[in-house]
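Participant: This is the structure I want to talk about, given as structure tokens.
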Amino acid sequence: MVEDDTNSVLAAALAANKYALTVGHVEAGLRSFDLHMPEEHNRRLTDHLSAYLFAPTPRAEANLKSKNVWGEIYMTGNTVIDAVHQHMP
């Protein structure tokens with residue numbers, strides 16, 4: 001399981017792929033659409049390396065479907081937003 005869009009996330013997903021390990025990507029499908037950002041490349045590549053894609057929003061799910069990723073997509077909600085709502089009075 002990898003989460004987010006850092007260089008270490010992409011490295012872990014790529015290494016897992018090389019060893020034929022299954023990858024799950026939490027926060028899959030998030031996009032800035034700014035190709036000048038290294039994080040955008042990390043997001044896209046990790047999504048395509050992942051067998052399980054956990055999309056936090058309907059828009060993220062739509063982004064994944066529009067790019068025909070091979071993995072199974074699950075709409076899970078946003079973990080940060082969910083935690084905020086859980087702890088609000």
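The values are calculated or read from the model by the stated rules, or taken from the named source; none is laboratory data. Note that the structure is predicted; figures quoted are calculated from it, not measured. Using ideal geometry, Cβ is built from the backbone for each residue, glycine included, and neighbour counts are taken over all protein chains shown.
Participant: Going through HIS25, HIS36 one at a time, which residue ends up being out of contact with any helix residue (DSSP H, G or I) (no Cβ under 8 Å at 6 or more places or on another chain) and modelled with pLDDT of 95 or more?
Facilitator: HIS36
Participant: A follow-up question, please. Among the residues in the stretch 7-25, are any surrounded by fewer than 14 Cβ atoms within 10 Å (Cβ to Cβ), within 25 Å of GLY77 (Cβ to Cβ) and in contact (Cβ under 8 Å) with a residue 24 or more places away in the chain?
Facilitator: yes
Participant: Related question: Residues of the stretch 60-89 being at positive phi and either surrounded by 11 or more Cβ atoms within 10 Å (Cβ to Cβ) or assigned to a helix (DSSP H, G or I) (or both), which ones?
Facilitator: The answer is GLY77, and nothing else.
Participant: Continuing with the same structure: Report, by residue number, each residue of the stretch 46-59 that is surrounded by 14 or more Cβ atoms within 10 Å (Cβ to Cβ), closer than 14 Å to GLU27 by Cβ and not β-branched (Val, Ile, Thr).
Facilitator: Answer for the stretch 46-59, where residues must be surrounded by 14 or more Cβ atoms within 10 Å (Cβ to Cβ), closer than 14 Å to GLU27 by Cβ and not β-branched (Val, Ile, Thr): ASP47, SER50, TYR52, LEU53, PHE54, ALA55, PRO56.
Participant: OK, next. So which residues in the stretch 70-89 are touching a residue at least 40 places away in the same chain (Cβ under 8 Å) and under 23 Å from ASN17 (Cα atoms)?
Facilitator: If the condition is that a residue be touching a residue at least 40 places away in the same chain (Cβ under 8 Å) and under 23 Å from ASN17 (Cα atoms), then GLY71, ILE73 are the ones that fit.
Yes or no, residue by residue, for (1) under 11 Å from the mean Cα position of the chain (by Cα); (2) of a type outside the set (A, V, I, L, M):
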site: ASP5; (1), (2): yes, yes
site: VAL9; (1), (2): yes, no
site: LEU14; (1), (2): no, no
site: ASN17; (1), (2): no, yes
site: GLY29; (1), (2): yes, yes
site: ASN42; (1), (2): yes, yes
site: THR46; (1), (2): yes, yes
site: LEU49; (1), (2): yes, no
site: ARG59; (1), (2): no, yes
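Participant: Another question, then. Being assigned to a loop (DSSP other than H, G, I, E, B), among the aliphatic types (A, V, I, L, M) and within 16 Å of LEU64 (Cβ to Cβ) is the requirement here; does LEU30 meet it?
Facilitator: yes
Participant: Next up: Residues of the stretch 26-45 being surrounded by 15 or more Cβ atoms within 10 Å (Cβ to Cβ) and of a type in the set (A, V, I, L, M), which ones?
Facilitator: Once the filter is applied, which keeps residues that are surrounded by 15 or more Cβ atoms within 10 Å (Cβ to Cβ) and of a type in the set (A, V, I, L, M), the stretch 26-45 yields VAL26, ALA28, LEU30, LEU45.
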